[in-house]
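Reviewing the structure listed below.
The values are calculated or read from the model by the stated rules, or taken from the named source; none is laboratory data. All of these numbers come straight from a predicted model, not from anything done at the bench. No Cβ is skipped: glycine too gets one built from the backbone with ideal geometry, and neighbour counts run over all protein chains shown. In case anyone asks, the SASA skips ligands and DNA or RNA and just uses the protein heavy atoms, side chains included. Shrake-Rupley method; radii C 1.70, N 1.55, O 1.52, S 1.80 Å.
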Amino acid sequence: MISNGPSADTTAPIPAAPSAEGTGRPGEGPVDGGADRPAGPDGTGGKPRRRTVRRLVKTAGALAVVLAFLALGDRWAVLYAENMAAEKVQEALKLRAEPEVHIDSFPFLGQVAMGGLDHVAVNIPDVPAGRVSLAQVKASVDDIRIVGSLPSSVKGADLGTVRGDVFLDFDDLNREVGASQVRLTPGPERNTVLAHGELPVAGKQAEVRARAQVRRTDDHGVALTVADTKLVVPGLLTYTPGKGGGLQLTAPAAEKVDEDALQQATGERTRPEGMLKGRVLDTLVEHPSLLEPAGVDTSLLQGLQKVREPKVAQEMEFAARLPDDLPGDLGLREIKVTDEGIAAQLTGTDVRVG
């Protein structure tokens with residue numbers, strides 16, 4: 001008998017079930033093998049993120065290059081302005097050396113465009129000031145308003161605040177003060193200076209000792225006035241020239257003088273260790289034998305009597321003066337003596353230059 005159904009020995013193929021990846025139909029998942037794409041750290045695709053980072057790096061690099069060129073241009077403008085300012089200062093003050101000018105304003109071009117600068121520092125070495133030279137003038141200027149425009153049409157500037165120091169170095173003063181081998185050192189009292197030097201008298205080297213007072217003569221000048229000048233022959237005597245001065249022997253030398261013979265020659269009660277002055281000193285010159293036991297000869301006394309205090313003091317005195325035509329109220333204020341020299345404050349406000 002022939003049957004219409006399938007044979008028992010026939011195996012019909014069974015269609016495969018849809019995979020878990022889906023068929024591409026709505027709701028059945030992707031069909032493009034997305035499961036094989038590497039995921040980023042946050043579980044999303046990595047390629048778009050890398051492209052974004054590369055764009056940011058390129059942008060930052062380009063910005064850095066632009067900023068570098070702007071900074072370089074700003075620096076060149078600063079150097080140009082510093083050189084121009086130094087030349088103007090040297091010309092105006094007739095300086096032997098060009099001063100140092102440092103413009104501490106950034107961005108320089110931006111501030112110039114706004115018509116001003118924040119801060120400028122000036123260092124001027126070796127400024128002529130009469131008999132002596134100023135070792136150094138340092139000044140800082142704040143709040144500068146430029147009159148005109150850079151680079152070619154600057155007419156001047158208004159300086160808001162000027163602060164600085166004028167310095168007279170003792171080493172320079174020792175070279176330039178006219179007295180022979182004079183050394184200046186700080187004194188024990190405020191604004192005082194001690195002067196030490198040597199002066200040949202009758203074949204002996206006498207030490208010159210003096211006290212000097214430093215004072216401000218006016219807004220532009222400083223002076224050193226010498227007083228209390230003494231000439232010392234070490235181990236022998238001290239001579240004070242001028243009115244009220246005289247000769248005073250050291251204790252060892254005074255012990256060798258015959259007090260009775262001294263009183264008889266001078267006609268008055270005179271002690272060898274006391275101040276010998278006036279007529280007593282003249283008598284000693286007339287009777288050299290009185291001081292011969294002490295080692296003082298007539299030529300030394302005569303030489304000391306020829307020393308005049310005004311002349312000795314004048315050789316050690318000096319005055320320093322800034323130019324009288326300084327702009328505005330720029331001038332010297334407080335004076336002080338330091339271990340290295342004499343310093344004065346330089347100040348001014350609303351100073352117009354140019």
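Which shape class applies to region 225-276: rounded if a/c is under 1.5, otherwise prolate when a/b exceeds b/c and oblate if not, where a ≥ b ≥ c are the square roots of the Cα gyration tensor eigenvalues? Numbers along the way, then the final one.
Working: a/c = 3.99, a/b = 1.65, b/c = 2.42.
The shape class here is oblate.
Under 1.5 on a/c is rounded, so check that first for region 157-300, then, if it is not, pick prolate when a/b is larger than b/c and oblate when it is not; a ≥ b ≥ c are the square roots of the alpha carbon gyration tensor eigenvalues. Mind showing how you got there, number by number?
Numbers: a/c = 3.80, a/b = 2.88, b/c = 1.32.
Note, shape of region 157-300 comes out prolate.
Given the pairs Lys277/Lys336; Lys230/Lys256; Lys204/Lys243, which span a C-alpha to C-alpha distance of over 30 angstrom in this model? Lys277/Lys336, as the Cα separations exceed 30 Å there. The mean accessible area for residues of region 250-299, using a 1.4 Å probe and ignoring ligands and nucleic acids, is 57 Å² per residue.
Here the relative contact order of region 269-354, from alpha carbon pairs under 8 Å that lie six or more residues apart, stands at 17 percent.
With θ taken as phi - 60° and the Karplus curve 6.51 cos²θ - 1.76 cosθ + 1.60 applied, the whole-hertz 3J(HN,Hα) list for region 221-230 is x, 10, 9, 10, 10, 8, 9, 6, 7, 9 Hz, x standing for glycine and proline. A simple rule links phi to the HN-Hα coupling: the Karplus curve 6.51 cos²θ - 1.76 cosθ + 1.60 with θ = phi - 60°, which for region 278-286 gives x, 5, 5, 5, 4, 5, 5, 5, 6 Hz, with x for Gly and Pro. Dividing the mean sequence gap of close Cα pairs (under 8 Å, 6+ apart) by how many residues region 170-286 holds gives a relative contact order of 13 percent.
Extension gain, Glu198 to Asp260, is 18.9 nm, computed as 0.36 nm per intervening residue step minus the present C-alpha separation. Efficiency by 1/(1 + (r/R0)^6): what FRET value for Asp350 and Glu207, r their Cβ-Cβ distance, R0 = 41 Å, to the nearest 0.05? Computed FRET efficiency for Asp350 and Glu207: 0.20.
Viscosity 0.890 mPa s, temperature 25 °C: Stokes-Einstein D of region 229-354 from its Kirkwood Cα radius, in µm² per second? Write down the numbers at each step before the final one.
Numbers: Rh = 18.2 Å.
Roughly 135 µm²/s, to the nearest whole number.
Maximal additional length on extending the Asp339-Asp324 stretch stands at 2.5 nm, based on 0.36 nm per residue less the C-alpha distance. For region 165-226, rounded, prolate or oblate, judged on the Cα gyration tensor with a ≥ b ≥ c (square roots of eigenvalues), a/c < 1.5 rounded, else prolate if a/b > b/c? Taking the square roots of the gyration eigenvalues as a ≥ b ≥ c, region 165-226 is prolate. Working note: Karplus 6.51/-1.76/1.60 with θ = phi - 60° gives region 118-123 the couplings 7, 8, 9, 10, 10, 10 Hz, where Gly and Pro are set to x.
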